[in-house]
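In what follows, a structure is listed as structure tokens, so that the remarks can point back to it.
Each value in this text was obtained by applying a stated rule to the coordinates, not by laboratory testing. Computed from a prediction, not measured in an experiment: that's the story for all the values here. In this analysis, Cβ positions are derived from the backbone assuming ideal geometry, glycine residues included, and neighbour counts consider all displayed protein chains.
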Amino acid sequence: MNTPDPSPGRQASNALYARRAPVYDYELMPVAPLRREAIALLDLQPGQTVLDIGAGTGLSLPGLSAAVGRTGRIVAVEPCETMMRQAKQRARVEHLPAPIDFLGAAAEDADYASVLGARRADAAIFFFTHDVLQSDEGLARALAALKPGARIVAAGLAWAPPWMPMSNLFVLGAAMHSIVRMDGLECPWRLLESRMKNAEVERRWLASAYVLTGSA
């Protein structure tokens, strides 16, 4: 049976991230403090399982691995093959202690049962994954793989209020360079928040970024 071609949107996303892969780590260096904050907010414990949705080149893997340890587990979901290769290399070179399952699939196609079996994960992180957060199907799949009460953290760009033009110029420039879907930037967390319990949103960087926390 032939595998159907990805949709134009997914093709565009894969092409975008394949182009960015060589310099991706450098591009995201300025957001490293926010990444550390997002991982800390997951409140992971040794032995737990965490989903890294849109893992990219694996920049979150060291922090997640340190938190869950050798007895824990990470499921890294990333559709771009070029990004995934770099994530795997990072895990090898840095000798990350936690076992990592790499799912080379879009969020809409991720087969979590293939690596988790009947088990479910304890937490999930969506870090600068705007396009994933605009996908009902991708979010539904991810949340179905979580235990009731699992911790969820998302962070990314968002339009600031109109009276903050410099913040919005920053968002526009970054978004045009890094995402496929420009829609939803006024409230990127909307679909995910509607599926969560105890959801709270805080703004960062003069309102040009956000952090969403809550549980499944």
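The table below lists the values:
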| read-out | value |
| --- | --- |
| CD proxy at 222 nm, helix term only [per DSSP H run n ≥ 4: -39500 (n - 2.57); per residue of the chain; nearest 500] | -10500 deg cm²/dmol |
| Segments 48-54, 195-201 sorted - mean Cβ within 10 Å per residue, highest first | 48-54, 195-201 |
| Highest to lowest packing among 146-155, 160-169, scored as the average C-beta count within 10 Å | 146-155, 160-169 |
| Longest to shortest principal axis, alpha-carbon extents of region 18-94, angstrom | 35, 23, 21 |
| Charge dipole (debye, nearest 20) of region 76-216; +1 at Cβ of Lys and Arg, -1 at Cβ of Asp and Glu | 400 |
| For region 97-150, Kirkwood radius (reciprocal of mean inverse C-alpha pair distance, Å) | 11.9 |
| Rh (Kirkwood; distinct C-alpha pairs) - region 121-170, Å | 12.6 |
| Full-extension gain in nm, Ala118 to Ala66, via 0.36 nm per residue minus C-alpha separation | 16.2 nm |
| Extension gain from Glu186 to Arg85, taking 0.36 nm per residue of separation minus the Cα-Cα distance | 33.1 nm |
| Translational D in µm²/s for the chain (Stokes-Einstein at 37 °C, 0.692 mPa s, Kirkwood Rh from C-alpha pairs) | 189 |
| Contour minus Cα-Cα distance for Lys197 and Asp25 (0.36 nm per residue) | 58.7 nm |
| By average C-beta atoms within 10 angstrom, highest first, the peptides 180-191, 66-77 | 66-77, 180-191 |
| Region 5-111: GluC sites (Glu not before Pro) in DSSP loop, at most 12 other beta carbons within 10 Å | Glu94 |
| For q = 0.12, 0.21, 0.25, 0.28 Å⁻¹, Debye-computed log10 I/I(0) when each Cα of region 139-202 counts as one equal scatterer | -0.39, -0.92, -1.11, -1.25 |
| Dipole of the chain, positive end: most advanced residue of Pro22, Pro99, Ala87 [Cβ charges, Cα centre] | Pro99 |
| GNM flexibility winner over the chain from Glu193, Glu137, Glu78 (Cα, springs under 10 Å) | Glu137 |
| Estimated dipole of region 53-137 in Debye, rounded to 20 [Cβ of Lys and Arg +1, of Asp and Glu -1, Cα centre] | 600 |
| Share, in percent, of DSSP beta bridges within the chain that are antiparallel, nearest 5 | 40 |
| Contact order relative to length of the chain, as percent, for alpha carbon pairs under 8 angstrom and 6 or more apart | 19 |
